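Reviewing the structure listed below.
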Amino acid sequence: MTGPSIPPPELPRVRFRRLRRSPAIARLVRETVVSIDDLVYPLFIAEADTDAGPIDAMPGQLRWSLEGIGNEVREVAELGIPAVLLFGIPSARDEIGTGAWAEDGVIPRAVAAVRDAAPDLLIITDVCLCEYTTHGHCGVVDPGPPMQVDNDATLPLLQRTAVAHARAGADVVAPSGMMDGMVAAVRSALDAAGYPDVAILSYAVKYASAFYGPFREAAGGAPRFGDRRTHQMDVANRREALREAVQDVAEGADILMVKPALGRLDIVRELRDRLDLPLAAYNVSGEYAMVKGAAARGWVDERAAVMEILTGMKRAGADLLITYHAREMARWLRA
């Protein structure tokens, strides 16, 4: 006894694979394209030559000396990368981070060196105190109890730092400490000092993350006690991110940032849908180190993985991609 006959399936009229059948047609209909113009390259600058050299936790990255940074940024500019983000490593630290705003400090000197070597490169400077303090926190420490960063006492120091960087020739300053009111404080200081055209890239949405470890090794900015959970965001929060970003827009931010980006693509999308400002995604040191470590062991194809990660960030809505892969990415995109 035979069962009922099964009619042949109706063949699909809509075949999505038609637009995937060759590299040429796939490229023609590609929705998201990462460009060299999207890239921002973070660089570590050491004031003391003895602090310069390779960064173990970030293969391929260096702490550059003030003498050596010129050659590096010339190559960066030749690759077509439009911008660099400078982090300073001072030769001396103190309780309040006075090196952050010293006129002859590491960042003002680095800005001058970069400007001399690559005049058309956009220079962004990190404005925070963690690399410059003996305790490694992002501002003035209130001994308490409880011991914590004093938000309001830190704001004037961020103002002084931003003005020092602007005076040295920075195009954009990037307050990163997640102090409440930091954008308003920096904007008012820049305007009062005669730098109304210096833009602010705000670390508007910066989470307390496990992915900052390699950066803290590179910059020597790990907290000597406690953590940063009182001022950096809880990784579980989404609505708070929008509130933080909206507040920074009201205070005068020109560009907003989400950091770290890879595990926060929902936040990047949320901000892109709600706000009109340019949006930066920071592909942080831990994300970089994971790819480098896996690639070194043959577990992933490094080029394919980096392309996929950065495309995902741009697809989520980022306009700027701050990434330690920028140099390699630029070469791949030019190939």
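Going by the structure shown, is Gln148 touching a Ser or Thr at 6+ places or on another chain (Cβ under 6 Å) and surrounded by fewer than 24 Cβ atoms within 10 Å (Cβ to Cβ)? Break it down stepwise before answering.
Values: touching a Ser or Thr at 6+ places or on another chain (Cβ under 6 Å): yes; surrounded by fewer than 24 Cβ atoms within 10 Å (Cβ to Cβ): yes.
Here the answer is yes, as Gln148 does meet what is asked.
Test Val249 against the stated conditions and say whether it is of a type outside the set (Gly, Ala, Ser) and touching a Lys or Arg at 6+ places or on another chain (Cβ under 9 Å).
Numbers: of a type outside the set (Gly, Ala, Ser): yes; touching a Lys or Arg at 6+ places or on another chain (Cβ under 9 Å): no.
No, not satisfied.
Every residue in segment 131-145 that is surrounded by 24 or more Cβ atoms within 10 Å (Cβ to Cβ) and not β-branched (Val, Ile, Thr), please.
Within segment 131-145, Glu131, Tyr132, His137, Cys138, Gly139 qualify.
Quick check on this structure: which one of Val149, Val183, Val163 is of a type in the set (A, V, I, L, M, F, W, C), closer than 24 Å to Leu321 by Cβ and touching a residue at least 12 places away in the same chain (Cβ under 8 Å)? Spell out the reasoning first.
Numbers: Val149 fails: closer than 24 Å to Leu321 by Cβ; Val163 fails: closer than 24 Å to Leu321 by Cβ.
One residue alone meets the criteria, Val183.
Of the residues Asp51, Asp37, only one is under 14 Å from Ala219 (Cβ atoms), among the acidic types (Asp, Glu) and touching a residue at least 12 places away in the same chain (Cβ under 8 Å); which? Don't jump to the end; show me each part of the working.
On the way: Asp37 fails: under 14 Å from Ala219 (Cβ atoms).
Sole residue among the options that is under 14 Å from Ala219 (Cβ atoms), among the acidic types (Asp, Glu) and touching a residue at least 12 places away in the same chain (Cβ under 8 Å): Asp51.
Every residue in segment 107-154 that is among the aliphatic types (A, V, I, L, M) and not in a helix (DSSP H, G or I), please.
Quick first cut of segment 107-154, residues among the aliphatic types (A, V, I, L, M) only: 107, 110-114, 117-118, 121-124, 127, 129, 140-141, 147, 149, 153.
Hits for segment 107-154 are Ala118, Leu121, Leu122, Ile123, Ile124, Val127, Leu129, Val140, Val141, Met147, Val149.
Right, Val163: at pLDDT 95 or above, touching a Ser or Thr at 6+ places or on another chain (Cβ under 8 Å) and either outside any loop (DSSP other than H, G, I, E, B) or of a type in the set (D, E, K, R) (or both) or not?
Values: at pLDDT 95 or above: yes; touching a Ser or Thr at 6+ places or on another chain (Cβ under 8 Å): no; either outside any loop (DSSP other than H, G, I, E, B) or of a type in the set (D, E, K, R) (or both): yes.
No.
For Asp120, are the conditions met, namely being under 30 Å from Asp38 (Cα atoms), modelled with pLDDT of 90 or more, of a type in the set (D, E, K, R) and surrounded by fewer than 19 Cβ atoms within 10 Å (Cβ to Cβ)? Don't jump to the end; show me each part of the working.
Numbers: under 30 Å from Asp38 (Cα atoms): yes; modelled with pLDDT of 90 or more: yes; of a type in the set (D, E, K, R): yes; surrounded by fewer than 19 Cβ atoms within 10 Å (Cβ to Cβ): yes.
So Asp120 passes the test.
Name the single residue that is farthest from Gly213 (Cα to Cα) among those in segment 47-70 being out of contact with any Phe, Trp or Tyr (no Cβ under 9 Å at 6 or more places or on another chain) and exposed (fewer than 14 other Cβ atoms within 10 Å of the Cβ).
That would be Glu67.
The values are calculated or read from the model by the stated rules, or taken from the named source; none is laboratory data. Bear in mind that the values here come from a model prediction, so they are computed numbers and not experimental data. Every residue, glycine as well, gets a Cβ built from its backbone with ideal geometry; the counts of neighbours run over all protein chains shown.
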